[in-house]
1. List the residue ranges in chain B for DSSP H helices whose C-alpha atoms run 20 angstrom or more along the long axis and whose Kyte-Doolittle average is -1.0 or above.
2. Taking the Cα centre of the protein assembly as shown as origin and charging only Cβ (+1 Lys, Arg; -1 Asp, Glu), how large is the dipole, in debye to the nearest 20?
3. For segment A:116-147, state which GluC sites (Glu not before Pro) are in a DSSP loop and have at most 15 other beta carbons lying within 10 Å of their beta carbon.
4. Quick one: plug the Kirkwood hydrodynamic radius of segment B:48-150 (C-alpha pairs) into Stokes-Einstein at 20 °C, 1.002 mPa s, and report D in µm²/s.
5. Past the 32 Å Cα-Cα mark, which pairs from A:Lys71/B:Lys142; A:Lys149/A:Lys224; A:Lys28/B:Lys149; A:Lys15/A:Lys103; A:Lys142/B:Lys101?
6. How far is the Cα center of segment B:125-150 from the Cα center of segment A:188-228, in Å?
7. Can you work out the accessible area per residue across segment B:74-221, with the rest of the protein chains kept in place, probe 1.4 Å, in square angstrom?
8. State the percentage of accessible surface on the protein assembly as shown attributable to carbon and sulfur atoms; use a 1.4 Å probe and exclude ligands, DNA and RNA.
Protein chains: 2
Amino acid sequence: MDRLLQSVKISINEKIFLKDPQSSDLGKRIIQESILMISEMGFESFTFRKLGMRIGSNESSIYRYFENKHKLLLYLTSWYWGWLEYQLVFSTNSMADPVEKLKKAIEIVTRATEEDSAFSHINEVLLNKIVINEYSKSYLTKEVDADNKDGYFVIYKRLVSRISQMIQAVNPSYRYPSSLASTILEGSLHQHFLKDHFTSLTNCHGNVAPTDYFIDLVFNSLNKDLNG
Amino acid sequence: MDRLLQSVKISINEKIFLKDPQSSDLGKRIIQESILMISEMGFESFTFRKLGMRIGSNESSIYRYFENKHKLLLYLTSWYWGWLEYQLVFSTNSMADPVEKLKKAIEIVTRATEEDSAFSHINEVLLNKIVINEYSKSYLTKEVDADNKDGYFVIYKRLVSRISQMIQAVNPSYRYPSSLASTILEGSLHQHFLKDHFTSLTNCHGNVAPTDYFIDLVFNSLNKDLNG
DNA sequence: CAAATATAATAGTATTACTATCATATATTA
DNA sequence: TAATATATGATAGTAATACTATTATATTTG
């Protein structure tokens, strides 16, 4: 990614953590290693005790940063969506043509993730894997409404809203801009998952990317022929 | 639903259970009450111990039917998809026009669930709520590939495949029939969830149903104008 | 009626998800 | 430089979870 990003910090709702993990060395190790561990063993098997052993620190010290592992997941996924949002805004900001702009936006949010050297303690490729496999668990809980009220999903909602607005800019009379925007984000995670585990349920594979599918889907819905 | 269904039994992969819950009174109570409890308290808080207390039975007896609660969830969701599949096949079987047929199929799989008197111990409305809130947890695990190999998702896959075929019948040159079919099923659950918890992320609400959105989405993708 | 089967009761285990307390190391400031 | 604040570590403890094992008691079936 661009060098300009080097000075950027993804800012996350302070209620998610007890102590900002970006503020200390231990905090950064918690983030760095939790990404590795959750992508390795899955969120269910991951515990603060295991994380402590791995980073040579104590369970109780980790609890001083996050109330529980659910909050840590909210932190990681918020960071991911914030990072995507930054790329989206950065890349589409100067674009004038709404069709090209939306196309670019879809490309950014549906493509396979590449490493970003701007954040050395975060492995974005593995974090993307975590988002694909675990994101829905962060909101499919009995506490969604309370968590939503506490603002734990603001970044994600803002991202959907931005895409929704881009959709409206292309076709103001389209009736489902928010539903289509949420379908792109959530559906993209799902297609990436299917191509890894249920190949018969998707047409995405080596040569066909989820991006191709969603660009086709969106512009057909908006009745815009892309090349003509 | 139709009286014909009265004699129908949804058949589920025998590897999912240790003893068929449809074969005994206790088994049926396990199914009946687990649906009530999981929809009330969520899958995370639900335990066999609590279920035992509620049905006046013993934890250990429930373990003779299901290895663990994950298997029970697989059972419940498989039953749900089998029930939906039955309705799909039953309702579209005699239809000749591929467009009308696909439209009917989308209606069936995306509509809000209504009670079905044919299965007295199963509350389909609450089961649908469980599928919306918990289904993804049944496959977003480290064991997906093994579970898939064991055939725990066959009914769901068959349902996606049926819809995919209907899509191909409408437009044989459409390039993403499987992705679109999986988007309809998974996306429908998601839109129903959003309308209950994240209203700003969807255009579905009282007057606009997910069905309306998906019919528009699908037929635009297939370049078929519905009325003309 | 005997034998098989289903269910219930009880107990026990390792692990999880914490909370609490106290000790020690390091950094800040008076 | 000493006093103090802050961060981290070590240890212990608790209630609940997710089981397994064993034994007892009903109930069904041959």
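The values are calculated or read from the model by the stated rules, or taken from the named source; none is laboratory data. Since the structure is predicted, the reported quantities are computational estimates derived from the model, not experimental observations. Every residue, glycine as well, gets a Cβ built from its backbone with ideal geometry; the counts of neighbours run over all protein chains shown. The protein model used for the area step is the full one, side chains on, heavy atoms only, and it has no ligands, DNA or RNA in it. Shrake-Rupley method; radii C 1.70, N 1.55, O 1.52, S 1.80 Å.
1. B:25-45, B:69-92, B:124-139, B:154-170, B:177-197
2. Details: 52 positive and 54 negative charges, 107 e Å.
My answer is approximately 520 debye.
3. Numbers: sites: A:Glu124, A:Glu134, A:Glu143; in loops: A:Glu143.
Here the sparse-neighbourhood loop sites are A:Glu143.
4. On the way: Rh = 15.9 Å.
D = 134 µm²/s.
5. Details: A:Lys71/B:Lys142 21 Å; A:Lys149/A:Lys224 37 Å; A:Lys28/B:Lys149 39 Å; A:Lys15/A:Lys103 34 Å; A:Lys142/B:Lys101 37 Å.
In this structure, A:Lys149/A:Lys224; A:Lys28/B:Lys149; A:Lys15/A:Lys103; A:Lys142/B:Lys101 exceed 32 Å between Cα atoms.
6. Result: 23 Å between the Cα centres.
7. Numbers: 5320 Å² over 148 residues.
Here the residues of segment B:74-221 average 36 Å² of exposed surface.
8. Values: 9160 of 19740 Å².
Roughly 46 percent of what the probe reaches on the protein assembly as shown is carbon or sulfur.
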